[in-house]
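Only the coordinates and a few stated rules stand behind these numbers; no lab work does. What you see is a predicted model; the values in this text were computed from it and never measured. Here the Cβ positions follow ideal geometry from the backbone for every residue, glycine too, while neighbour counts run over all protein chains shown.
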Amino acid sequence: MPVVGVLALQGDFAEHIVVLRRLGVETREVRLPGELEGLDALIIPGGESTTIGKLAHDYQLIEPLRALGAEKPIWGTCAGAIFLSKDATRVKQGQPLLGLMDITIQRNAFGRQVDSFETALNVPVLAAFDPANPPFEAVFIRAPLIESVDAPDVEVLARLDSETIVAARQGHLLATSFHPELNQDDRFHQYFLSLIPD
Ligand code: GLN
């Protein structure tokens, strides 16, 4: 049975834990480097990427997180996706990034007028968990967008329109601009769990 950690420095880690428990997965809140030991995968939640980055730096988590991500699945949602990226625009100067995933992400990409919104996304890979594959109701909150995928092995999983990438995977790394933990649809979490090798 895999153990999935959720980085619990700031943001909506508790909501991810609720979903993981609902799926019968053993979970652990991670605040200290030692708590990464023995994990099979990790979720970095949404919140405020500047704060998550600063706390991760202060708690000496940056290098242990990079080491984990070299081997094990990591999923960054919203602020977590910013933190996971190799390159980010509109971030604060000196904001720490893990630099694990070959994507360029634009922070606060949707402007003030459309701070938060919900939209139905077509996500072909989720068909594995429901053959009818209904659209995924995605909640965006001061969300980033994925400006570009910067390596041939980065797969685009969902777009808002023909241009705007909002979910991508590179091997065992997953990034979503939105918050799949905020609805009752667990398919994105199931998809992430499917990235854990048997
Ligand atoms: N705007 C936040 C940031 O830049 C992300 C918002 C979120 O995670 N919902 O970190």
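From most to least packed by mean Cβ count within 10 Å, the peptides 138-146, 53-61 give 138-146, 53-61. Projected label points at Arg112 and Lys92, each 7 Å from Cα along the beta carbon direction, are separated by 1.9 nanometres. When peptides 24-34, 40-50 are sorted by average Cβ neighbour count within 10 Å, with the highest value leading, the order is 40-50, 24-34. Taking θ as phi - 60° and the Karplus parameters 6.51, -1.76 and 1.60, the scalar couplings of segment 107-112 work out to 6, 6, 7, 9, x, 6 Hz in sequence order, x denoting glycine and proline. Computed from phi, the 3J(HN,Hα) profile of segment 78-93 under the Karplus parametrisation 6.51, -1.76, 1.60 (θ = phi - 60°) reads 6, 3, x, 5, 4, 4, 6, 6, 7, 8, 9, 9, 6, 8, 6, 4 Hz, with x in place of Gly and Pro.
If you plug the beta carbon distance of Ala128 and His57 into 1/(1 + (r/R0)^6) with R0 = 25 Å, you get a FRET efficiency near 0.10.
Overall, the chain carries a charge dipole of about 420 debye about its Cα centre when +1 sits on the Cβ of Lys and Arg and -1 on the Cβ of Asp and Glu, all other atoms neutral. Derived scalar couplings between HN and Hα for segment 16-22 equal 5, 5, 4, 5, 4, 5, 4 Hz in order, rounded to whole Hz, by the Karplus curve 6.51 cos²θ - 1.76 cosθ + 1.60 (θ = phi - 60°), x for Gly and Pro.
The orientation-averaged shadow of the Cα convex hull for the chain, equal to a quarter of the hull surface, comes to 10.3 nm². Highest-first packing order for the peptide set 76-82, 16-22 is 76-82, 16-22, based on the mean count of other beta carbon atoms within 10 Å. Please list, in chain and number order, the residues 5+ apart from Phe110 or on another chain whose amide H is under 5 Å from its amide H, with Hs placed from the backbone. Here the answer is Ala143, since their amide H atoms fall under 5 Å of that of Phe110.
Taking 2.2 N^0.38 Å as the expected size of a compact globular protein, what ratio does the Cα radius of gyration of segment 9-102 give against it, to two decimals? Don't skip to the end; give the middle numbers.
Working: Rg = 12.6 Å, N = 94, 2.2 N^0.38 = 12.4 Å.
Taking N as the residue count of segment 9-102, the ratio is 1.02.
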